[in-house]
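**Student:** Starting off with a structure, shown below.
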Amino acid sequence: MQQPGRRWFFGFIGVCLCYILLSGIGILINPGGTINERLENAQWVASSRSWIDRQLCRWFELCGTYHMLNRNGWTWSEDNGDMPGQLPKFAPFWESGEEDPDSWSDQERSLREIPDYVFQHAPYVHLFSGEQYWPSDVAEHLTHMSPRLNYTLIPGMGDDRNLTNLNDLDDIIDGKHGRFVYLQSDDNVEEQPDWLTSRHNIPIRPQPRKSVDEASPWPGGDDSSGDDGEVLLRSDASATSMHRHSASTVDLSPSQDGRCGGNSGSTCNGSKFGHCCSIMGWCGRSDLYCDTFCDPLHGECADLLHPPPAYPKPDLRRRSIEEQEPSPQKVQPTFGRSKAPAILMVVDKGNGTVDAFWFFFYSFNLGQQVFNIRFGNHVGDWEHTLIRFVHGKPTSVFFSEHDFGAAYTWHTVEKYLPNPDGSGTMLGSLSNATIAAVAKRPVVYSALGSHAMYATSGLHPYILPWGLLHDQTDRGPLWDPLQNLKSFIYDPATHTSKSSTLNPLAPTDWLDYAGHWGDKYYPLGDPRQYRFAGQYHYVNGPTGPVFKRLGRTDVCQNKGFCNVRRWLGREQGNTREMKKGHKARPADGEEDEEAGLLGGNSTDDAV
């Protein structure tokens, strides 16, 4: 009798042989692509020095197999003994605009002003806790790039690109207005240079809350103790499933062992352990149970916006009268600030409709893995979230997640409100209904490596079955774009950008650059490159913000039908998953990336 291991082995070999046979027949029958694409592919294959590699690629679409197996060849030293040149200071790039704000007329100044409601409803971004490639400054990115026409260095424009003259590359002969122009990294990205990982741009974390009484630890062991900020991060799965109006505590029994919430079926009302249920699943009476992390489904919760005298914060008692009533400037939090600025593009569509595009740039996109093989890496990564306003009120939100992105009604998405105690923690509208009516800023989740943007945390499968290809998000470091942003006004009729009154000296020429913000996909002769089933290890860098259809009529990025969802969670016909989602509920007083690349969103988008 054949052992199971052998059966699996021979089954795997059989699948591989079928793939090789079918691939070869398919290539012979239908080469695919235009004449220019087939010519470029032939040149790409010919770049390999290995005859065997070229034939395997042409016949069976197994390109660069040795490269994939020999990962030691991905890093090398290109040091020729010369000292590296002095890199320009990139901070002045952001004030290098040539306009004179004093010459603006009142009408011009009015056109450049961004409405207050755009900032009142600005998003918060949860970066992934295990992220390797953090937010980047586009100005710093340029100092490490050299422009190329396809793979050829453009003479005379090697190391002086900045935010003022970047668009000069659009006029390069044979560049086809940027189509064949790429910004190539001066460093080997596989060696993880500091500017690529951008760890220096990790948002500032909130300080631990000093009002917690350490003498009263959480019940249940060491895992449930710690500062409130860490508790909030660990409570992701529980917090997103709670809503005060989703159930009634009348049908629940008082807790007999101190446990509450979840599938315990117990409420803290009438329990000897306390009347408040924490989202960590324990009854109690102190702030840790009754305020920030209180589960309104399984106990009583304090009014966080108007805390009663019975729950004074020790740190507030120690403050002076002047400190208890500080001016707005003094209480402006610094947590969530990244040194990398977010890019805000505001587009007035007329008839009272205004779109606020929040763009986030990363110097590197880490592709996805399928069967431990990584596809879709690329230098440069632009992601965005769009918030649409009608007559000053937000109506919908678009997230640049994989598989063409997703749009939701405004009331569907989770929103945050900074904790009034000044601790730096956040109150979420999905975990505490008492603040749902006043929380104004939506929450966005940035996926590990790809930075695709989602409305929820967790796993997000796309394209391939069985979850083989998926993004992952969680409540990692919180990025507050309002702490550091550059804002612009965009006119879709004339395709022109203008700096806003908040940063009048910020240049806009770089927004007109039509080329790619990263390397052209590496040739087969490059030891870092391989291709299987049409998917490359390294793909082209993306185009910039103005090529993300800023003039779109619907809130969705792709053309055609736009499905604006009213549920959080996947809705592709899976009734079970839809039931797990969060139903949108209006607050009181209110009315109701292209999927062609496995490792990233679309890198080329039309205006």
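The values are calculated or read from the model by the stated rules, or taken from the named source; none is laboratory data. Every value quoted in this text rests on a predicted model; they were computed, and no experiment measured them. Here the Cβ is made from the backbone with ideal geometry for all residues, glycine too, and neighbour counts use every protein chain on show. Ligands, DNA and RNA are stripped out before the accessible areas are found, and what is left, the full protein with its side chains, is counted by its heavy atoms. Shrake-Rupley method; radii C 1.70, N 1.55, O 1.52, S 1.80 Å.
**Student:** Within the range 166-185, which residues are in contact with an Asp or Glu (Cβ under 9 Å, 6 or more places away or on another chain), open to solvent by less than 30 Å² (accessible area, probe 1.4 Å) and of a type outside the set (A, V, I, L, M, F, W, C)? Give the steps one after another, and end with the answer.
**Tutor:** So in the range 166-185, the residues in contact with an Asp or Glu (Cβ under 9 Å, 6 or more places away or on another chain) come out as 166-168, 170, 177-185.
Those left that are additionally open to solvent by less than 30 Å² (accessible area, probe 1.4 Å): 166, 170, 178, 181-183, 185.
Selection gives D170, G178, Y182, S185.
**Student:** Follow-up. When both residues are 6+ apart or on different chains and their Cβ atoms are under 7 Å apart, which pairs have a first residue that lies in the range 470-496 and is within 30 Å of N372 (Cα to Cα) and aliphatic (A, V, I, L, M), and a second that is modelled with pLDDT of 90 or more and crowded, with 20+ Cβ neighbours inside 10 Å?
**Tutor:** Filtered contacts from the range 470-496: L478/Y124; L478/H126; L478/P203; L478/G336.
**Student:** Continuing with this model, one more query. Can you confirm whether the range 311-323 contains a residue that is surrounded by fewer than 22 Cβ atoms within 10 Å (Cβ to Cβ), at pLDDT below 95, in contact with a helix residue (DSSP H, G or I) (Cβ under 7 Å, 6 or more places away or on another chain) and assigned to a loop (DSSP other than H, G, I, E, B)?
**Tutor:** For the range 311-323, residues surrounded by fewer than 22 Cβ atoms within 10 Å (Cβ to Cβ), at pLDDT below 95, in contact with a helix residue (DSSP H, G or I) (Cβ under 7 Å, 6 or more places away or on another chain) and assigned to a loop (DSSP other than H, G, I, E, B): present.
**Student:** Could you count how many residues in the range 438-466 are in a loop (DSSP other than H, G, I, E, B), more than 17 Å from G405 (Cβ to Cβ) and at pLDDT 80 or above?
**Tutor:** Qualifying residue count for the region: 6.
**Student:** With the structure loaded, tell me whether T494 is at pLDDT 85 or above and open to solvent by 10 Å² or more (accessible area, probe 1.4 Å) or whether it fails that test.
**Tutor:** On the way: at pLDDT 85 or above: yes; open to solvent by 10 Å² or more (accessible area, probe 1.4 Å): yes.
Yes, satisfied.
**Student:** Of everything in the range 395-420, what is of a type in the set (D, E, K, R), buried (at least 20 other Cβ atoms within 10 Å of the Cβ) and assigned to a loop (DSSP other than H, G, I, E, B)? Give them in sequence order.
**Tutor:** Matches in the range 395-420: E401, E414.
**Student:** Output the residues belonging to the range 27-68 that are of a type in the set (A, V, I, L, M, F, W, C), at pLDDT 85 or above and over 19 Å from Y521 (Cβ atoms).
**Tutor:** Selection gives W51, I52, W59.
**Student:** Any chance you could count how many residues in the range 517-527 are open to solvent by less than 20 Å² (accessible area, probe 1.4 Å) and not acidic (D, E)?
**Tutor:** The total comes to 5.
**Student:** So is L469 under 18 Å from F360 (Cα atoms) and either open to solvent by 40 Å² or more (accessible area, probe 1.4 Å) or at pLDDT below 85 (or both) or not?
**Tutor:** No; evaluated as a whole, the condition is false for this residue.
**Student:** Filtering the range 371-394 down to residues that are within 21 Å of the chain's Cα centre (by Cα) and open to solvent by 10 Å² or more (accessible area, probe 1.4 Å), which residue is farthest from E190 (Cα to Cα)? Spell out how you get there, then give the answer.
**Tutor:** Of the range 371-394, the ones within 21 Å of the chain's Cα centre (by Cα) are 374-388, 394.
Filter again for open to solvent by 10 Å² or more (accessible area, probe 1.4 Å), leaving 374-375, 388, 394.
On the way: R374: 13, F375: 14, R388: 39, P394: 42 Å.
Taking the candidates together, the pick is P394.
**Student:** Checking the structure you have, find out if any residue of the range 575-586 is touching a helix residue (DSSP H, G or I) at 6+ places or on another chain (Cβ under 7 Å), at pLDDT below 85 and outside any strand (DSSP E or B).
**Tutor:** Of the range 575-586, the ones touching a helix residue (DSSP H, G or I) at 6+ places or on another chain (Cβ under 7 Å) are 585.
Subsequent filtering for residues that are at pLDDT below 85 retains 585.
Filter once more, keeping what is outside any strand (DSSP E or B): 585.
So far as the range 575-586 goes, yes, one or more of its residues are touching a helix residue (DSSP H, G or I) at 6+ places or on another chain (Cβ under 7 Å), at pLDDT below 85 and outside any strand (DSSP E or B).
**Student:** Could I ask something else about it? Looking at this structure, is G380 closer than 30 Å to T197 by Cβ, part of a loop (DSSP other than H, G, I, E, B) and in contact with a Phe, Trp or Tyr (Cβ under 8 Å, 6 or more places away or on another chain)?
**Tutor:** no
**Student:** Here's another thing I want to ask about it. What pairs come out if I take residues in the range 75-96 that are over 16 Å from S146 (Cβ atoms) and open to solvent by less than 100 Å² (accessible area, probe 1.4 Å) and pair them with residues that are at pLDDT 65 or above and polar (S, T, N, Q) whose C-beta lies under 6 Å away, six or more apart or interchain?
**Tutor:** F93/N162; S96/T164
**Student:** Of the residues that make up the range 48-57, is at least one within 30 Å of E383 (Cα to Cα) and surrounded by 14 or more Cβ atoms within 10 Å (Cβ to Cβ)?
**Tutor:** Taking every residue of the range 48-57 in turn, none turns out to be within 30 Å of E383 (Cα to Cα) and surrounded by 14 or more Cβ atoms within 10 Å (Cβ to Cβ).
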